[in-house]
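Step one of this worksheet: look at the structure below.
Values in this text are rule-based calculations from the coordinates and carry no lab data. Quick caveat: nothing in here was measured; it's all calculated off a predicted structure. All Cβ positions, glycine included, derive from the backbone under ideal geometry; neighbour counts span all protein chains shown.
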Amino acid sequence: MSLWAHELRLFLRQRIAIPALLLMAFFSAASVWAGMAEISRQREVIARIQPQQAEDEAAVAAWVSEEGDPGNAAYYTFHATWDAPSNLAFAAIGQRDVAPFVLRVRALALESQIHEGENYNAEMALPGRFDWSFVLIYLAPLFLIALLHDLVSGEREAGRMTLLGVMAHSERGLWARRIMLRTSLLFAALALPFAAGAVLSGAGLMAIPVLGAAALYFVFWAVICILAGRAKLGSVANAATLAACWLILTLVLPALALLAINSGIPVRQGVELTLAQREAVHAGWDKPKEATMRAFFRHHPEWRDTAPVEGGFHWKWYYAFQHLGDLRVSSQARAYQAGLQARDLWTRRLGYVLPAVGAQVAIHWLAETDLAAQLAYSGRIRAFHERLRRFYYPYIFNDRPFRRDDFDRAPRWVDRVGGAARSQWPKA
């Protein structure tokens, strides 16, 4: 124990030691605070939209129920959906920073409603928001390099190598203690603010896998520093070599691999899918009503025997070509999601080769802020929209009046329970 205490005193006497540890702790604490503030803001938005939804629905019900027109009820009633963040989301904001986590939908054509909130291609958002995962992936290796690059070369340049070899009971044990001490102290400076944030967020034991992934990432960079030290170069040369490794492994190779994945798996933007769906819907205004209804009845034969659409505008015809617009682009929507999933699959595979990518993928998966979580949210929206359509169709196709009590019978969004990590790592 005295050897460890002695090594600790020697380490803390170095000019770079305390500033490096304090700066690491500051960046970690700042990133945790920023992540928790963002997640708190998102939770406030989700909490605020629910009473607003009730107010809007009450206002629509007040005038729709007077005439009982079911088409107006379905058209003017927005239904709120939301994706509540997990308790670990503060550590890695991920897709929640670039994709909608709240969306209000109607019983109209769905694809344009899902994709109209897409500002840009989410998978291109690198390196991302300043959160704890950013500090771990990009900043922590630089601090580790600063503490370990001259571990051996500094002693050699100071002329103490021979003396250390004579005095040490085990030279290998001496270097192992110094490496473990510096790495552990730096890891503690990074991990303690995260652990505090996890406790405050209610993550509890689910923080342990995140810390495990971070520890493995630290071990990788410690090994890189040890290998550089074995080359017997000077301290400046070691620092330059390790800085080049950091640049290549965390920025250059992931960026090149991302470009290769995007080029090899082309995916059309969601806005293109929105435009295609809107064109299909708008084209429905110019088609004969009989042709539109025949096409609709092929997919919904249960409404084939209802009263025919005659004269001018009718809600049956309107909602029929709205749904046909979704069906027209359904293959494109499936291809869009399949393309995103294929890119995500290759990104996970890339993580087995590039530790920076692997650590980021693992933490985003544990925090449930990855692409799979975002696609799962859109899948839940599609299932909810299907329930909405099937709720309104009996009123619309049977010309049943829609009264105030019927608003209370409409489907309600039930979000998944956040805060629990997924039980199985997705297959790569």
What is the projected area of the convex hull of the Cα atoms of segment 1-95, averaged over all directions, in nm²? 9.7 nm²
Measure nothing but the geometry: give the 0 to 90° angle between the long axis through the Cα atoms of 289-299 and the longest principal axis through the Cα atoms of the chain, rounded to 10°. 50 degrees
Which aspartates and glutamates, if any, have their Cα less than 12 Å from the Cα of Lys232, not counting same-chain residues under 8 positions apart? Asp150, Glu155, Glu157
Straight-line reach from Lys287: which aspartates and glutamates have a Cα under 19 Å away, not including same-chain ones fewer than 8 places off? Glu279, Glu310, Asp326
Reduced to Cα centres, the span from segment 2-67 to segment 174-222 in Å works out to 19 Å
Degrees, to the nearest 10: 171-201 long Cα axis against longest axis of the chain: 30 degrees
Segment 237-322: GluC sites (Glu not before Pro) in DSSP loop, at most 12 other beta carbons within 10 Å: Glu310
Diffing segment 32-38: the Karplus 3J(HN,Hα) column from phi (6.51, -1.76, 1.60, θ = phi - 60°), in whole Hz with x for Gly and Pro, holds 5, 4, 5, x, 5, 5, 5
Would you mind checking which residues have amide H under 5 Å from Arg104's amide H? H placed 1.01 Å from N; only 5 or more apart, or other chain. Thr81
Once the Cα atoms of helix 330-351 and of the chain are each reduced to a long axis, what angle between those two axes, in degrees from 0 to 90 to the nearest 10, is obtained? 10 degrees
Suppose the Debye formula is applied to equal point scatterers at every Cα of segment 233-275; what is log10 I(q)/I(0) at q = 0.18, 0.29 Å⁻¹? -0.65, -0.91
Anyone know which of Phe321, Phe313, Phe218 comes out most mobile in the 10 Å Cα GNM of the chain? Phe313
Of Pro209, Pro355, Pro301, which has the largest mean-square fluctuation in a 10 Å C-alpha GNM of the chain? Pro301
Extent of segment 176-300 along each principal axis, from alpha carbon coordinates, in Å, largest to smallest? 82, 38, 19
Distance in nm between pseudo-label sites at Glu55 and Arg278 (7 Å out along the Cβ direction from Cα): 2.9 nm
For the chain (alpha-carbon point model, no solvent) the Debye-based log₁₀ I(q)/I(0) at q = 0.08 Å⁻¹ works out to -0.59
Shape call for segment 187-261, from the Cα gyration tensor axes a ≥ b ≥ c (a/c under 1.5 means rounded, otherwise prolate when a/b beats b/c, else oblate), comes out oblate
Mean-square fluctuation maximum in Gaussian network of the chain, Cα pairs under 10 Å, restricted to Val414, Val64, Val271, hits Val414
Please get the size of the charge dipole for segment 306-348, origin at its Cα centre, with Cβ charges of +1 on Lys and Arg and -1 on Asp and Glu, quoted in debye to the nearest 20. 220 debye
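How large is the Kirkwood hydrodynamic radius of segment 181-220, in angstrom, based on all distinct alpha carbon pairs?
Values: mean 1/r = 0.0958 Å⁻¹.
After inverting the mean inverse Cα-Cα distance, the result is 10.4 Å.
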Filter the trypsin sites (Lys or Arg not before Pro) in segment 219-292 down to the DSSP loop ones having no more than 13 other Cβ atoms within 10 Å, then list what survives. Arg230, Lys232, Arg268
